[in-house]
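Have a look at the structure below, then the notes.
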Amino acid sequence: MNPLRVESYTEKDEIVEVLRSYAVKNRIACGRLRKIAKELGLPSNKLGALAKEYNIKIVACELGCF
């Protein structure tokens, strides 16, 4: 997986499923999102944009990034 871009819809779908598995009522904590991003080798802002695209709200933001 390329750490800077989500190349295929399959990868994108898999990443969204990971986000959804950690989300509660379509919400995910900022700290959790940043940890997932690190584990997947993706920039947190890219993962945040993907979450937003799929209506997963980022809550309890620690850094004001989202």
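The figures follow:
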quantity: Filter result for the condition that a residue is of a type in the set (Ser, Thr, Tyr), at negative phi and at pLDDT 85 or above, over Tyr9, Tyr54; calculated: Tyr54
quantity: Residues satisfying the stated conditions in segment 7-61, i.e. in contact (Cβ under 8 Å) with a residue 12 or more places away in the chain, hydrophobic (A, V, I, L, M, F, W, C) and not in a helix (DSSP H, G or I); calculated: Ala23, Ile28, Ala29, Leu42, Ile56, Ile58, Val59, Ala60, Cys61
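The values are calculated or read from the model by the stated rules, or taken from the named source; none is laboratory data. Being a predicted model, the structure only gives us computed values, none of them experimental. Here the Cβ is made from the backbone with ideal geometry for all residues, glycine too, and neighbour counts use every protein chain on show.
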